[in-house]
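K.L.:
What follows is a structure written as structure tokens; I'll ask about it next.
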Amino acid sequence: MNRYLCVLLFFLFHFVGFSQSIKSVVPDEAQQGEELEVTVTGENTTWSQASNVLMFTQGSTTIYPNPQTVVNDTIIKGYFYFTFSHPTGFYDVEVEEISSGDRVVLENGFMLNEGDQPILTSVDPDSSEQVDFITVTVTGENTQFTQGSSLLMFKGEYNMIYPSDQNIYSDTVMDGDFFINPDHVAGLYDVRVNSNDPPVILEDGFTVLQVENMPEILTIDPDSAFQGEMVIINVTSEHTHFDYPDLDIGVKLETYNHIIYAQHVDVVDSVHVEVWFSFDYTHTPEVYDLIVYDDLDGTMTLEESFELLAGTEGPQIVSVVPDDAEQGQSLWVTITGQQTVFTSGTATIKFNQGSSTIYPTEQNVLNDTVIEGDFEFSIEDKEGYYDVYVFDLNGNWSVREVDGFYLYPYVFVEEFRDAAIGTVYPNPATQLLFIRRNPKIKSGIAIDILNMAGEIVHLDEMTENQQLKSINVTNIESGVYLIHLRSANEVYSKKIVIK
């Protein structure tokens with residue numbers, strides 16, 4: 001009998017006396033809007049950094065720390081940010097074993113109290129006429145304005161106005177530089193700072209006033225050209241500000257199904273610009289609208305103002321060798337043409353992608369059909385396909401091979417300019433966004449892309465063995481976003497623009 005009693009006592013002691021539990025949570029309460037580190041102490045636990053995750057749960061709401069640290073078998077610490085979207089009340093404190101899903105739970109172990117709601121108290125100035133550049137200062141109360149994660153904006157019924165630059169002076173004071181132009185509809189705008197969760201909003205806090213004299217394009221000269229020509233078009237306007245310091249001016253010819261971008265824009269004065277266009281046989285012969293845009297004057301259109309005429313079957317590029325390279329690489333590229341006369345005029349090579357143009361540091365015309373150039377590709381040059389051009393500087397002829405050259409991103413080894421976790425590029429992004437891992441980071445990396453309302457628009461991850469991650473952003477609406485990278489021990493946020 002004594003032997004059976006000893007065995008029973010052993011099992012009771014083993015399964016009851018050594019059961020895992022949470023002994024303490026310090027501190028055990030917080031307020032909405034508060035950030036703090038919470039220490040959870042267990043009993044008979046065997047916690048480890050790789051196997052366990054701490055969380056607070058209430059119904060369908062789960063709050064995770066960022067980051068968390070397992071100190072030893074019985075102590076785990078987590079840094080929590082409690083937002084105003086998190087419901088108040090008691091939360092269960094749980095530590096989950098990732099592989100099995102088993103949890104150690106302390107019911108009602110943490111209390112989240114109602115916090116002081118953040119508000120915007122002033123906007124100065126609170127109005128602007130269209131066609132103006134202003135600096136607007138915003139003051140808040142109970143706010144947490146932070147560099148890198150807070151974004152000031154004006155939201156109207158039809159459009160948003162983002163700052164060209166902004167400064168954070170404290171948790172409650174920030175300002176932004178705004179170009180207000182006729183693209184921004186006159187009327188009332190909400191002032192928003194996407195810093196807290198949810199964003200802090202002052203309804204109808206800013207007014208855009210109608211400008212009396214609207215900027216507009218008056219004439220262009222010449223108003224036609226043939227395929228295969230390079231033409232300088234003189235544009236005349238009124239009430240524009242083309243010579244405003246550091247103002248970028250974009251010009252294009254557009255129909256309902258085709259766009260031709262200007263190669264170069266020279267500013268003559270506030271109402272005159274000279275625009276360089278290179279027309280080739282891929283451009284459709286038809287009547288185009290001329291569209292001019294800058295941040296101060298907005299979008300100006302001179303409808304059906306330019307006609308592209310069909311040219312005869314002309315010269316073409318038949319090969320580009322090699323037809324690819326990597327950022328940071330230097331090499332000679334040989335271009336072979338057909339029915340070309342490269343020895344006629346001043347033949348020049350360039351690679352073009354949108355507004356990005358790469359010229360060779362040196363070039364040689366070998367004969368009428370062969371020209372070569374020595375290219376030094378910078379790590380700042382945009383990756384992707386480039387159109388290959390050979391053209392006469394005097395504007396007499398040009399040939400183009402669409403997507404004739406591809407530039408691959410540079411393979412970073414130890415240079416990580418953006419963050420300890422990795423590098424996010426390019427910014428702005430048009431088609432692909434790249435995340436390159438820092439070799440020091442060995443864990444998986446979670447990737448979240450959020451809009452300025454705090455809504456997640458894309459979720460992704462990098463596995464432990466993945467060094468470079470590409471994300472197709474063509475399905476994401478153009479605008480300003482925040483990208484969050486989270487490894488096992490670190491978190492990094494960056495503002496990005498998607499065009």
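The values are calculated or read from the model by the stated rules, or taken from the named source; none is laboratory data. For clarity, every value in this text was computed on a predicted model and none was experimentally measured. Here the Cβ positions follow ideal geometry from the backbone for every residue, glycine too, while neighbour counts run over all protein chains shown.
K.L.:
Residue check, F178 against (1) more than 20 Å from the chain's Cα centre (by Cα); (2) at pLDDT 95 or above, all met but one. Which one?
P.N.:
(1)
K.L.:
Separate question: Restricting to region 465-481, what's the tally of residues that are of a type outside the set (S, T, Y) and closer than 28 Å to A50 by Cβ?
P.N.:
Keep residues of region 465-481 that are of a type outside the set (S, T, Y), which gives 465-469, 471-473, 475-477, 479-480.
If we keep only those that are closer than 28 Å to A50 by Cβ too, we end up with 465-469, 471.
Residues meeting the conditions: 6.
K.L.:
For residues in region 223-274 being part of a loop (DSSP other than H, G, I, E, B) and β-branched (V, I, T), which is farthest from G311 (Cα to Cα)?
P.N.:
The first filter runs over region 223-274 and keeps only residues part of a loop (DSSP other than H, G, I, E, B), leaving 223, 227-229, 239-249, 255-258, 262-263, 270-271.
Subsequent filtering for residues that are β-branched (V, I, T) retains 240, 249, 255, 271.
Details: T240: 35, I249: 29, T255: 19, V271: 32 Å.
Checking each candidate, the answer is T240.
K.L.:
Would you check if Y189 is surrounded by fewer than 14 Cβ atoms within 10 Å (Cβ to Cβ), within 26 Å of the chain's Cα centre (by Cα) and not polar (S, T, N, Q)?
P.N.:
Values: surrounded by fewer than 14 Cβ atoms within 10 Å (Cβ to Cβ): no; within 26 Å of the chain's Cα centre (by Cα): yes; not polar (S, T, N, Q): yes.
So Y189 fails the test.
K.L.:
Let me ask something else about it. Would it be correct to say that S237 is touching a strand residue (DSSP E or B) at 6+ places or on another chain (Cβ under 6 Å) and at pLDDT below 95?
P.N.:
Details: touching a strand residue (DSSP E or B) at 6+ places or on another chain (Cβ under 6 Å): yes; at pLDDT below 95: no.
No.
K.L.:
Tell me whether region 422-437 contains one or more residues that are part of a loop (DSSP other than H, G, I, E, B), within 29 Å of V53 (Cβ to Cβ) and either at pLDDT 90 or above or not assigned by TED's automatic domain parsing to the domain that holds R192 (or both).
P.N.:
First, pick out the residues of region 422-437 that are part of a loop (DSSP other than H, G, I, E, B): 426-428, 430-431.
Subsequent filtering for residues that are within 29 Å of V53 (Cβ to Cβ) retains none.
Checking region 422-437: not a single residue is part of a loop (DSSP other than H, G, I, E, B), within 29 Å of V53 (Cβ to Cβ) and either at pLDDT 90 or above or not assigned by TED's automatic domain parsing to the domain that holds R192 (or both).
K.L.:
Moving to a separate point now. Which one of these is hydrophobic (A, V, I, L, M, F, W, C), within 31 Å of the chain's Cα centre (by Cα) and either within 24 Å of L393 (Cα to Cα) or surrounded by 14 or more Cβ atoms within 10 Å (Cβ to Cβ) (or both): L366, L290, L308, L302? Explain how you work it out, then say what you get.
P.N.:
Numbers: L366 fails: within 31 Å of the chain's Cα centre (by Cα); L308 fails: within 31 Å of the chain's Cα centre (by Cα); L302 fails: within 31 Å of the chain's Cα centre (by Cα).
From the options L366, L290, L308, L302, the qualifying one is L290.
K.L.:
Y386 passes all but one of (1) buried (at least 16 other Cβ atoms within 10 Å of the Cβ); (2) at pLDDT 85 or above; (3) aromatic (F, W, Y); (4) over 30 Å from M462 (Cβ atoms); which number fails?
P.N.:
The one condition Y386 does not meet is (4).
K.L.:
Sticking with this one: Can you confirm whether region 202-217 contains a residue that is touching a strand residue (DSSP E or B) at 6+ places or on another chain (Cβ under 7 Å), outside any strand (DSSP E or B) and under 30 Å from V123 (Cα atoms)? Don't jump to the end; show me each part of the working.
P.N.:
Kept after step one, since they are touching a strand residue (DSSP E or B) at 6+ places or on another chain (Cβ under 7 Å), are these residues of region 202-217: 202-209, 211, 215-217.
Those still in the list that are outside any strand (DSSP E or B) too: 211, 215.
Subsequent filtering for residues that are under 30 Å from V123 (Cα atoms) retains 211, 215.
Yes, the conditions are met somewhere in region 202-217.
K.L.:
Now for a different question. Test of understanding: among T69, T83, T57, which residue is within 19 Å of V491 (Cα to Cα), part of a strand (DSSP E or B) and among the polar types (S, T, N, Q)?
P.N.:
Numbers: T83 fails: part of a strand (DSSP E or B); T57 fails: within 19 Å of V491 (Cα to Cα).
Criteria check complete, one pass: T69.
K.L.:
Looking at G176, G140, G148, G109, can you tell me which residue is outside the structural domain of V40 (by TED's automatic domain parsing), under 27 Å from A30 (Cα atoms) and outside any loop (DSSP other than H, G, I, E, B)? Please lay out each step first, then the result.
P.N.:
Numbers: G176 fails: under 27 Å from A30 (Cα atoms); G148 fails: outside any loop (DSSP other than H, G, I, E, B); G109 fails: outside the structural domain of V40 (by TED's automatic domain parsing).
After ruling out the rest, the residue left standing is G140.
K.L.:
Scanning region 125-137 for residues that are aliphatic (A, V, I, L, M) and assigned to a strand (DSSP E or B), which turns out surrounded by the most Cβ atoms within 10 Å (Cβ to Cβ)?
P.N.:
If we filter region 125-137 for residues that are aliphatic (A, V, I, L, M), which is where we start, we get 131, 134, 136.
Filter once more, keeping what is assigned to a strand (DSSP E or B): 134, 136.
On the way: I134: 14, V136: 24.
Residue satisfying both the conditions and the ranking: V136.
K.L.:
Does region 264-278 contain at least one residue that is charged (D, E, K, R), more than 30 Å from H184 (Cβ to Cβ) and not assigned by TED's automatic domain parsing to the domain that holds F377? Working first, answer last.
P.N.:
Let us first name the residues in region 264-278 that are charged (D, E, K, R), namely 266, 269, 274.
Within this subset, residues satisfying the condition of being more than 30 Å from H184 (Cβ to Cβ) are none.
No, region 264-278 has no match at all.
K.L.:
Another one. Hey, does region 103-123 have a residue that's touching a residue at least 40 places away in the same chain (Cβ under 8 Å) and of a type in the set (D, E)?
P.N.:
Yes, region 103-123 has at least one match.
K.L.:
OK, next. Consider E141 against the criteria (1) out of contact with any Ser or Thr (no Cβ under 7 Å at 6 or more places or on another chain); (2) modelled with pLDDT under 95: it satisfies all of them except one. Which criterion is unmet?
P.N.:
Condition (1) is where E141 drops out.
K.L.:
Say we look at region 80-96 and pick out the residues that are over 27 Å from the mean Cα position of the chain (by Cα) and either within 17 Å of P65 (Cβ to Cβ) or of a type in the set (K, R) (or both); which of these is modelled with the lowest pLDDT? Break it down stepwise before answering.
P.N.:
Here is the first cut: in region 80-96, the ones over 27 Å from the mean Cα position of the chain (by Cα) are 86-96.
Still in the running and either within 17 Å of P65 (Cβ to Cβ) or of a type in the set (K, R) (or both): 86, 91-96.
Values: H86: 91, Y91: 97, D92: 97, V93: 97, E94: 97, V95: 96, E96: 95.
Per the stated criteria, the residue is H86.
K.L.:
If you don't mind, there's one more thing I want to ask. How many residues are under 31 Å from the mean Cα position of the chain (by Cα) and outside any strand (DSSP E or B) if we restrict to region 23-54?
P.N.:
Of the residues in region 23-54, 3 are under 31 Å from the mean Cα position of the chain (by Cα) and outside any strand (DSSP E or B).
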